[in-house]
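What follows is one structure encoded as structure tokens, with my remarks underneath.
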Amino acid sequence: SLLKPMTIPQFFIANRWINGLGEHAQVITILNPELKEIAKIEEMKFSLPSKVQSADLFSAFVNLNFQKAGVYWVKIELDGKIAMSYPLPVFEGK
């Protein structure tokens with residue numbers, strides 16, 4: 001059977017940063033199963049004035065198109081370095 005592209009109308013990614021003093025910047029990238037970029041939230045700057053204060057960042061993705069089923073990846077960068085990445089499985093709908 002042929003896989004049909006699927007568009008998610010809207011979803012959010014929320015990150016909380018803590019325990020880092022000063023000015024910082026976050027970038028979020030969504031990668032397809034071949035690890036090619038399909039969406040990106042450009043640099044979001046934030047400040048952590050003390051070690052115990054946190055910054056909550058919410059990123060919205062609108063009408064993101066997943067071309068096929070497979071494991072997509074969410075890549076989170078902090079200050080130009082990969083802070084974390086995690087799988088985003090996409091299954092074929094029936």
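Only the coordinates and a few stated rules stand behind these numbers; no lab work does. This structure is a prediction, so every number in the text was calculated from the model and none was measured.
Quick look at the numbers
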read-out: Under Karplus coefficients 6.51, -1.76 and 1.60, residue-wise ³J(HN,Hα) of region 75-91 in Hz, glycine/proline x; value: 10, 10, 10, 10, 6, x, 10, 5, 8, 6, 8, 8, x, 10, x, 10, 9
read-out: Nonlocal Lys pairs with alpha-carbon distance under 14 Å, the chain (8 or more apart, or different chains); value: 6
